[in-house]
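What follows draws every value from the coordinates through simple rules; no lab data is involved. Quick caveat, the model's predicted, so the values are computed rather than measured. FYI the Cβ positions are ideal-geometry reconstructions off the backbone, even for glycines, and counts take in every protein chain you see.
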Amino acid sequence: MLAEEEALSELWMYIAPFEPAERRLKQALIVSSYPTNEATHFDILRTKLLLEARQNGWTRIAITSAAAASGKTTMACNLIAGFGRQPEVRGMLFDFDLRRPSVAKFFGADPPASVADVLDGTAHFEEQALRLHPNTIVSVATTHVRDPSRLLQRQGAIDVIDDIQAVYQPNIMLFDLPPVLVSDEARALLRQRMPRRWRRLTNANVKFPTTAMLPGSC
């Protein structure tokens with residue numbers, strides 16, 4: 001077991017490291033990298049999310065909102081930054097808001113390829129992804145995609161995510177999806193692709209229901 005854990009940690013270390021500039025993090029309101037007062041609310045959300053995920057066997061968390069400019073990407077980036085302070089948790093963040101990608105801008109990242117290239121098979125995940133901490137990885141979109149619905153609903157794209165999960169074995173995979181009232185990608189992806197394996201995190205302040213939805217505070 002120890003040997004397997006060491007081999008997995010070594011595999012993660014092959015992902016190119018990336019350290020965002022402090023100034024960029026402040027501009028993007030990413031405050032969870034350090035245990036500050038500003039990070040407290042995101043820390044609480046992160047803890048609740050991990051507890052619910054463990055209790056229910058969830059590994060894929062879709063983060064969305066009703067409309068644009070609701071803070072979903074800020075929440076997603078703060079969650080992955082906060083996971084960096086929990087070395088026992090391996091977390092990944094994927095920018096699936098391919099019409100209006102923002103994660104790369106928030107972190108100031110400029111990888112050689114986009115997550116869209118990984119999904120359509122023209123780039124390898126290990127060459128495109130960036131490692132923020134020894135236990136956190138982000139896969140960002142560098143340009144917008146004209147027809148993201150077609151790309152995200154392809155079985156090949158789902159197979160890529162399955163393969164990444166099987167190889168890197170993250171505890172949590174976060175997906176920053178488009179707003180549900182702006183385009184159809186989020187609803188189509190959650191409805192048509194393995195609904196029992198996806199949980200959605202929205203800005204609805206309600207209790208956890210029995211449907212395939214994980215509400216929280218945005």
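Only helices enter this figure: runs of n ≥ 4 DSSP H residues, each worth -39500 (n - 2.57), summed and divided by the residues of the chain, yield -11500 deg cm²/dmol at 222 nm to the nearest 500. Straight-line reach from residue 105: which aspartates and glutamates fall under 15 Å, measuring Cα to Cα and dropping same-chain residues less than 8 apart? By straight Cα distance, residue 105 reaches 19, 22, 95, 97, 176. A straight Cα-to-Cα reach below 16 Å connects residue 26 with the aspartates and glutamates 38, residues fewer than 8 places away in its own chain not being considered.
Here nothing in the chain passes the span test, since no DSSP H helix has an alpha carbon length of 18 Å or more along the helix axis and a Kyte-Doolittle mean of 1.6 or above.
When each of 13, 173 is scored by the number of other beta-carbon atoms lying within 10 Å, the sequence from fewest to most is 13, 173. The charge dipole of the chain, taken about the Cα centre with unit charges on the Cβ atoms of Lys, Arg (+1) and Asp, Glu (-1), comes to about 1060 debye, rounded to the nearest 20. Of the residues 92, 75, the one with the fewest other Cβ atoms within 10 Å heads the list, and the complete ranking is 75, 92. Rounded if a/c is under 1.5, else prolate if a/b is larger than b/c, else oblate: which is segment 2-201, with a ≥ b ≥ c the root eigenvalues of its Cα gyration tensor? Rounded shape, in that the Cα axes give a/c under 1.5.
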